[in-house]
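What follows draws every value from the coordinates through simple rules; no lab data is involved. These numbers were taken from a predicted model, which means no experiment stands behind them. As a convention, Cβ positions derive from the backbone with ideal geometry for all residues, glycine included, and neighbour counts pool all protein chains shown.
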Amino acid sequence: MTNTIDLTKQLITIPSWVGPGCDEIKVGQFIHDWLRQNTTLAVVKQLVVNGRFNVIATGAGSIKTLLVGHIDTVENRAGWISNPWTPVIKNDRLYGLGSTDMKGSLAAMLTAISEIKSTDGLMILCYIDEEYDFAGMRQFIKEYRGKIEPKQIISLDGSVDQIGTGCRGLIEVSFQLRGQTGHAGRPEAGVNAIVSGLNCVNKLKRQLATKYMDPNLGITTLNVAYCQGGLDNGQGGYGRQGNNIADLAEFVLDIRTASNVLNSEKIRELLLSYARAAKLKLENWSVRHDLGMWSTPVEYLIPLFGNAYRYESSLGYIDTQMLWEAFGQIPCATIGAGNLALAHQPNEYVETANLEKTKELVCQILK
């Protein structure tokens with residue numbers, strides 16, 4: 001029988017960030033083979049893109065519980081004091097890239113599944129691309145929406161001692177605002193796309209924070225992730241002479257919505273009204289993400305987990321929301337062995353005691 005700590009170590013040693021020369025194929029193959037060798041579940045690969053695949057394992061009967069976890073990590077970053085893919089235990093902490101987000105939780109889920117007596121009504125989804133563009137989750141929903149009717153969905157992409165009950169949505173848009181150039185000595189003769197554009201974005205930020213909120217999720221926030229502007233030189237660049245009024249500015253906005261009535265089209269409608277009032281033209285509108293919020297009432301989850309945990313929503317986006325929306329807003333929750341404050345950080349670690357604690361919680365859910 002595989003030890004949870006040993007399995008976490010094995011998963012860490014297999015790099016699974018997505019970029020040149022690396023993806024999730026090797027770790028996916030490891031998980032696929034491990035499930036076939038250590039459980040009685042029917043295990044398949046679901047092809048997603050470029051040979052990359054989700055691993056799906058299913059017990060007998062109609063699906064009642066869907067357990068999910070992503071198998072990718074972020075890429076390595078500067079600051080590690082050890083090799084990120086060589087797991088090290090020090091002071092009861094297991095260090096390694098992905099240890100807290102979320103290979104430790106994956107290992108706890110897998111070992112729990114291998115130890116329970118019955119897997120009837122159970123489906124496991126180990127999916128790719130969570131840290132990037134959600135390709136694995138999108139493919140699973142595309143194929144299984146309408147085919148299965150789970151009663152509850154539990155993601156292991158959570159943190160210890162906390163049951164995640166929801167999250168704000170994620171809307172990412174990019175666009176340009178075009179003004180009117182002129183001589184800097186006569187600013188009233190033109191429309192400065194940078195200054196006026198930022199004014200429009202700030203109006204949008206205030207509108208979102210005051211009109212689109214939720215008692216559990218808080219306010220809708222707006223982050224200016226990218227801004228560049230200047231004199232349009234007609235060649236895809238910007239003039240930088242100080243005596244010209246900047247006539248073009250481009251933006252990337254990251255919006256975390258706390259309202260299920262807010263989407264990218266509503267954002268565009270609001271921004272367009274502000275731009276017109278400022279004598280700006282909205283151009284090259286593009287949407288990367290248009291994902292809503294998720295919220296499961298705590299009273300639906302207490303019978304499953306009890307009162308020993310904190311029940312909290314996440315300020316960041318969790319793709320459990322996509323499952324919640326696709327399968328009829330059934331009870332969904334996140335649990336896990338990790339510490340969200342350590343995710344995406346150099347020298348991330350997972351407390352070894354929390355691996356066993358999470359495994360026992362998964363066993364409790366399944367029993």
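Any chance you could check the Cα centroid distance between region 109-167 and region 335-361 for me, in angstrom?
One Cα centre to the other: 17 Å.
Quick check: the distance between the Cα centres of region 17-66 and region 208-228, to the nearest angstrom?
Value for the Cα centre distance between the two parts: 36 Å.
Take every Cα pair under 8 Å in region 170-291 that's 6+ residues apart, average their separations, divide by the length, and report that relative contact order as a whole percent.
Values: 254 pairs, mean separation 54.2, N = 122.
Relative contact order, region 170-291: 44 percent.
Taking 1 over the mean of 1/r across every pair of different Cα atoms in the chain, what Kirkwood radius in Å do you get? All intermediate terms of the calculation are to be shown ahead of the outcome.
Details: mean 1/r = 0.0448 Å⁻¹.
Roughly 22.3 Å, rounded to one decimal.
Enumerate the amide H contacts of L231 below 5 Å, restricted to partners 5 or more residues apart or on another chain; note that Pro and chain-start residues carry no placed amide H.
Correct list: G239, D247.
Which FRET efficiency value, to the nearest 0.05, do you get for Y132 and N260 by plugging their Cβ-Cβ distance into 1/(1 + (r/R0)^6) with R0 = 30 Å? Please list the in-between numbers first.
Working: r = 25 Å, r/R0 = 0.83.
FRET efficiency, Y132 to N260: 0.75.
Tell me the Rg and the Dmax, in Å, that the Cα atoms of region 137-233 produce.
That works out to 21.6, 67 Å for Rg and Dmax.
Could you work out how far apart the two model spin labels at E269 and N38 are, taking each label as a point 7 Å from the Cα in the direction of the beta carbon, and quote it in nm?
With each label placed 7 Å out from Cα toward Cβ, I get 5.0 nm.
Starting from 0.36 nm per residue, how many nanometres of slack lie between D290 and Q364 once their C-alpha separation is accounted for?
On the way: separation 74, 0.36 × 74 = 26.64 nm, distance 3.50 nm.
Taking 0.36 nm per residue and subtracting the Cα distance, the gain is 23.1 nm.
Using a Gaussian network model of the chain with C-alpha springs under 10 Å, which one of T181, T100, T334 is most mobile by mean-square fluctuation?
T181
When you count, for each residue, the other Cβ atoms within 10 Å and take the mean per peptide, how do 273-281, 80-88 rank with the highest first? All intermediate terms of the calculation are to be shown ahead of the outcome.
Values: 273-281: 17.1, 80-88: 15.4.
Averaged packing, sorted descending, gives the order 273-281, 80-88.
Based on C-alpha coordinates, I'd like the Rg and Dmax of region 170-291, in Å.
Every Cα atom of region 170-291 included, Rg and Dmax give 15.3, 50 Å.
Quick check on packing: order 243-252, 340-349 by the mean number of other C-beta atoms within 10 Å, highest mean leading. Walk me through the numbers before you get to the answer.
On the way: 243-252: 20.0, 340-349: 17.1.
Answer by packing, highest mean first, reads 243-252, 340-349.
Run through region 195-255 and list the trypsin sites (Lys or Arg not before Pro) located in a DSSP loop whose Cβ has at most 11 other Cβ atoms within 10 Å.
Numbers: sites: K203, K205, R206, K211, R240; in loops: R240.
Answer by residue number: R240.
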